Amino acid sequence: MYLASFSWKKAAEIGKKNGSIVAVLPIGSTEEHGPLGPLGTDHIIPHEMAARIEAKIGAKALILPTMPYGATPALASFPGSVDIGYEALCSVLKACVDAVMRCGVRRFLFLNGHGGNTPAIDTAALYLYRRGGQAAEIDWWVLSGQLRKEWMCGHGGGVETAVAMAVRPDWVHIEDLFDSEIVHLSPLLKNVHIHNVEFEGASVKMVRDAAYSIPSGDAGYEDAPSRANAKLGADILDAVTDYTIKFIEEFSKVDLTNHPYKEK
Ligand SMILES: [Zn+2]
């Protein structure tokens, strides 16, 4: 079911009619994604997953409108990137939580497409919990690497571009492939992700603007953008969506009657 399809009167009855329904908020970002990926990569993927979830188990999932903007300060200097910051994102997420709780819905799944959103999602998840609800967070790109090692995903790399290709092949700029560029901080402080350097075999976070560390915009490293193809993307999208559907079915069975915080 789509929240947007309800009238306010019918929305008020959602939780009464189906106390185990799981609200699903697809959330992403609008930001650069390397040589090939569209700016919308992070929100078109969870949006598509949510559409498939609705088609398969619509009675068990209440799909909220997709949040296309997120917190992406490290990528904000690339043309087309929109960074709304943590506080604005947090306000939006808490407003979504409040809204579904007024419909009597206490289970909430953040279906996330962008790593920079995690601190705000954690905050909103705790906000929900302290009002008597329970949240879950699925980061599809983390899940893909857990389902199969070769599906490990780097920002703007082959896996992420492939999945974007499975959703919107016409939005992937395959004709623009160019070599990835990575600027290491020093010969012994090697960039291994947007914010992380490797030193003597361990990883250390060093926050900086990605325009200076990954000028090509992709942090794929082992997961080069040139790996992207539609078959790879379709396989990953199917696998992460199937997992999420099974997870929602299990989540809907969780007994919340003994929740330590009273329902408000
Ligand atoms: Zn992304």
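The values are calculated or read from the model by the stated rules, or taken from the named source; none is laboratory data. A quick note: this is a predicted structure, and the numbers were derived from the prediction, not measured. We place every Cβ from the backbone using ideal geometry, glycine too, and count neighbours over all the protein chains shown. With ligands, DNA and RNA removed, areas are computed over all heavy atoms of the protein, side chains included. Shrake-Rupley method; radii C 1.70, N 1.55, O 1.52, S 1.80 Å.
Table for the structure above
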read-out: Test: residue in region 82-103 that is within 14 Å of the ligand (Cβ to nearest atom) and either open to solvent by 10 Å² or more (accessible area, probe 1.4 Å) or of a type in the set (S, T, Y) (or both); value: yes
read-out: Inter-residue pairs, beta-carbon under 6 Å, first within 25 Å of A50 (Cβ to Cβ) and in region 236-264, second among the hydrophobic types (A, V, I, L, M, F, W, C) and open to solvent by 30 Å² or more (accessible area, probe 1.4 Å), 6+ apart; value: L237/A166; A239/L147
read-out: Unmet requirement for F247, which otherwise passes all of (1) out of contact with any helix residue (DSSP H, G or I) (no Cβ under 9 Å at 6 or more places or on another chain); (2) not assigned by TED's automatic domain parsing to the domain that holds P26; value: (2)
read-out: Scan of region 117-152 for residues that are over 21 Å from A219 (Cα atoms) and of a type in the set (F, W, Y), ordered by number; value: Y127, Y129
read-out: Test: residue in region 122-138 that is within 16 Å of the ligand (Cβ to nearest atom), closer than 30 Å to R102 by Cβ and open to solvent by 10 Å² or more (accessible area, probe 1.4 Å); value: yes
read-out: In region 148-167, residue farthest from the ligand (Cβ to nearest atom) [restricted to those that are open to solvent by 80 Å² or more (accessible area, probe 1.4 Å) and part of a loop (DSSP other than H, G, I, E, B)]; value: R148
read-out: Some residue of region 191-213 being in a loop (DSSP other than H, G, I, E, B), surrounded by 13 or more Cβ atoms within 10 Å (Cβ to Cβ) and in the same structural domain as K56 (by TED's automatic domain parsing); value: no
